[in-house]
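The values are calculated or read from the model by the stated rules, or taken from the named source; none is laboratory data. These numbers come from a predicted model, not from an experiment. Don't worry about glycine lacking a Cβ; one is built from the backbone with ideal geometry, like all the others, and counts go over all protein chains shown. Only protein heavy atoms, including side chains, enter the accessible area calculation; ligands, DNA and RNA are left aside. Shrake-Rupley method; radii C 1.70, N 1.55, O 1.52, S 1.80 Å.
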Amino acid sequence: MEEKENNSSNFKTVQNPSTYKTSYNTSTSSKKRNGFARGFLLPFFSGILGCSIVIGTCFGIPSIKNKLLSPSSNISGSTSNSNTSSGYISQTSLSNYSDTSIYAANKILPSIVGIQVQYNVNSPISIFRNQTQNSTATASGSGIIISDDGYILTNNHIVNTSSSESYYEVSEATKITVTLFNDETEYEAKIIGTDEQTDLAVIKIEKNNLAKAEFADSDNIKVGEFAMAVGNPLGMQSSITCGVVSAVNREVTDTDGKKFTLIQTDAAINSGNSGGALVNSEGKVIGINTLKLSGTGIEGMGFAIPINSTTDITSQLIQYSKVKRPYIGISGMDLNEQIAKANNLVQGIYVKSVDDFSAGEKSGIKIGDVIIEADGKKITKMDELNEIKNKHQIGDEMKIKVNRDGKEKELTITLGEQP
C-alpha cells in the first residue's frame, strides 16, 4: 500500500522528461505498452484487413471494377473545366449515338418512297434534213408519305421537268411509279399539283393504310443538332446518311435564278435524294432534301426546304392543284444609288411595265414610277416588294409609296390572284 502511494507521489511530481524517466518504475511502463497495442496497433491492422476485404469484393464485381479502372475515375470535380485541367478527357460511348440513328431510321423509313419518272425525248437525227428521233428517258427521286391514303410530297423538279433546248426537247412526265419501303410492287402515281416557285409537288397513289410521316417544328431547330437525310440516292432505295444541321435560314440561289431560304446540312445528299426527308433525332421531318452544292473543293453542303414552309403550299396543291398567290401585276428594275443619280431618279424599284386590268393598274401605278415604300417599310429591291406582298392574302389591301416626277404619292393596292 505504501509502495503504491510512493509511485503515485512520484508520478504527480514529474516536472521534466528527465525526472519522468528516472521516477517511472518498471510496472508502470509495462502497462503503457499494453495500452498502446490495444489503442492503436489493433485498430490499425484491423482497418487494413477491412479495406483489403472491401477492395477485393469490389474488384470481384465487373461493373464496379470498370468504374474504378476507367480514366474518368481519376478526375476530381464534376465540371468540364476540371476534366480539362486534370489532363483527362471523359470517354463517350458511341452506343447512344448509334441508338439515336437506329431509332430515327426505323421511324422514318416506312414513310419514304422511291419515285421513277418516264419522259419522252425528241432529238434531231439530222439538222440539215430536219429529221428527229423520239426516245424515252427516266429519272428517279424520293418522296414523303403525308397521308395514309396515298398523298406523297416531293420536289417539283422530279415530276415536272419539261424543257426545250436547242438540241433536244423533253416532254412532261408520261409515267410516274412509286415503290414503297420493303415492297417491290410498283404503284402508278398521278400528279395532284406542282409549284415551280417553291420546287414542291404532290402526287398520289391508290393505296391505303400507309405510314404517314410525322413533322417536327422546323422553326425551332438548332445549328449543330442531329440530322439524317433519307431517300434513294442513285437508285439505292432506303439509304440514310447522318450529320448535323449546319445552318438555318440559308439563302440559296439555284441555277435558274430562283431564291430559296433553306436548312443547310452536312448529311450527304446525292442525286435521287431529292424529295426525301431530312429528319431529327426523333425521326420527325424537319425538311425536304432539295439540292446540294458540288464542284472542286466543295464537300458536305446539302440543303433542305424547311417543313414548316411547305404545309400551306401542300394543302393548296391538294385543294386547287396549284398555289394561289397575291398579285400586283407589274415588272420592275432595281435602282441602286449610282443608276438613280445618273438618271435623275431616286433609289427604289423602277416600274417598267404594268399588266392590263391588273391590281397595279387599278391602283394607279404607272410606268416610270419608282416604288420606294411598301406597308410603311422603305424598299429598294423587287425581292423586298415581293416578300412583303407574299405575306398578304388575295384580296388584302397593300399600301405603297411611289416617287413620280420628283413627288411622292401614296397608293392602295387590292391584291389580285396571280394568273
Within the range 356-390, track down each residue that is under 29 Å from Thr261 (Cα atoms) and among the acidic types (Asp, Glu).
-> Glu373, Asp375, Asp383, Glu384, Glu387
Tabulated pairs, the range 118-139, first more than 30 Å from Thr179 (Cα to Cα), second among the aliphatic types (A, V, I, L, M) and at pLDDT below 65, C-beta under 9 angstrom, 6+ apart or interchain | Gln131/Ile125; Thr132/Ile125; Gln133/Ile125
Among the residues of the range 275-297, the number that are within 13 Å of the chain's Cα centre (by Cα) and among the charged types (D, E, K, R) is 2
Any idea which residue in the range 288-317 is surrounded by the most Cβ atoms within 10 Å (Cβ to Cβ), counting only those that are part of a loop (DSSP other than H, G, I, E, B) and not hydroxyl-bearing (Ser, Thr, Tyr)?
-> Met301
Please report, ordered by residue number, the strands (runs of 3 or more DSSP E) entirely within the range 318-419 with at least 3 residues that are open to solvent by 70 Å² or more (accessible area, probe 1.4 Å).
-> 407-414
Every pair of residues 6+ apart whose Cβ atoms lie under 7 Å, when the first sits in the range 275-287 and is under 19 Å from Arg250 (Cβ atoms) and open to solvent by 10 Å² or more (accessible area, probe 1.4 Å) while the second is of a type in the set (D, E, K, R) and assigned to a loop (DSSP other than H, G, I, E, B) | Asn280/Glu225
Could you please find all residues in the range 208-258 being under 11 Å from the mean Cα position of the chain (by Cα), over 20 Å from Tyr97 (Cβ atoms) and open to solvent by less than 40 Å² (accessible area, probe 1.4 Å)?
-> Ser218, Ala247
Qualifying positions in the range 169-187 - in contact with a helix residue (DSSP H, G or I) (Cβ under 7 Å, 6 or more places away or on another chain) and assigned to a strand (DSSP E or B) = Ile176
Hits in the range 261-301 - residues which are touching an Asp or Glu at 6+ places or on another chain (Cβ under 9 Å), within 14 Å of Asn155 (Cα to Cα) and modelled with pLDDT under 90 | Leu291
